[in-house]
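Trainee: I'd like to ask you about the structure that follows.
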Amino acid sequence: QVMWAPLVGRDAIRAMFAREFARATMVCRVENIFQDGDWAILEWTDPKGLRGCGFFRIADDRIVFQRGYFDELS
């Protein structure tokens, strides 16, 4: 996510998701999904009022880059 240092490698990414999903109680509701070439964008909301979006670059059927923005203060 943009407020953290970039993660490199599967182990680091897996550890981040395990940590963040363990502390989260949110439910992601898809608002919009957009595609432009090798980029995809997901806009989401949560029943508690959280909002965010994720940007994904795809190469060879894999996510090779992801950046997320969300309202953590809500």
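Trainee: Could you please state how large a percent of the accessible area of the chain is carbon and sulfur, counting protein chains only and using a 1.4 Å probe?
Mentor: Values: 3330 of 5950 Å².
Its accessible area is 56 percent carbon and sulfur atoms.
Trainee: Pop out the ³J(HN,Hα) list for the stretch 13-21 in order, Karplus 6.51 cos²θ - 1.76 cosθ + 1.60 with θ = phi - 60°, rounded to Hz; leave Gly and Pro as x.
Mentor: 5, 4, 5, 4, 5, 4, 5, 6, 5
Trainee: In the chain, which trypsin sites (Lys or Arg not before Pro) are in a loop and have at most 13 other Cβ atoms within 10 Å, using DSSP for the loop call? Kindly include the intermediate steps, with their values, before the conclusion.
Mentor: Values: sites: R10, R14, R19, R23, R29, K48, R51, R57, R62, R67; in loops: K48.
Answer in residue order: K48.
Trainee: Oh, and also: Compute the Rg to Rh ratio over the chain from the alpha carbon atoms, using the Kirkwood formula for Rh, and round to two decimal places. Each step should come with its number before you reach the end.
Mentor: Details: Rg = 13.0 Å, Rh = 13.5 Å.
Reported Rg/Rh (Cα atoms, Kirkwood Rh): 0.97.
Trainee: Expected output is a single nm value to one decimal: the length gained when fully extending between A5 and A40, i.e. 0.36 nm times separation in residues minus the C-alpha distance. What is it?
Mentor: Values: separation 35, 0.36 × 35 = 12.60 nm, distance 2.19 nm.
Roughly 10.4 nm would be gained on extension.
Trainee: I'd like the distance separating the alpha-carbon centroids of the stretch 18-41 and the stretch 43-74, in whole Å.
Mentor: The stretch 18-41 and the stretch 43-74 have Cα centres separated by 4 Å.
Trainee: Identify, among A5, A22, F70, the residue whose Cα sits farthest towards the positive end of the charge dipole of the chain, taking +1 on the Cβ of Lys and Arg and -1 on the Cβ of Asp and Glu, with the dipole about the Cα centre.
Mentor: So the residue furthest toward the plus end is A22.
The values are calculated or read from the model by the stated rules, or taken from the named source; none is laboratory data. From a predicted model like this one, the values you see are computed outputs, not experimental measurements. Note: ideal-geometry Cβ built from the backbone for every residue, glycine included; neighbour counts use all protein chains shown. The area values use the complete protein model at the heavy-atom level, side chains included, leaving out ligands, DNA and RNA. Shrake-Rupley method; radii C 1.70, N 1.55, O 1.52, S 1.80 Å.
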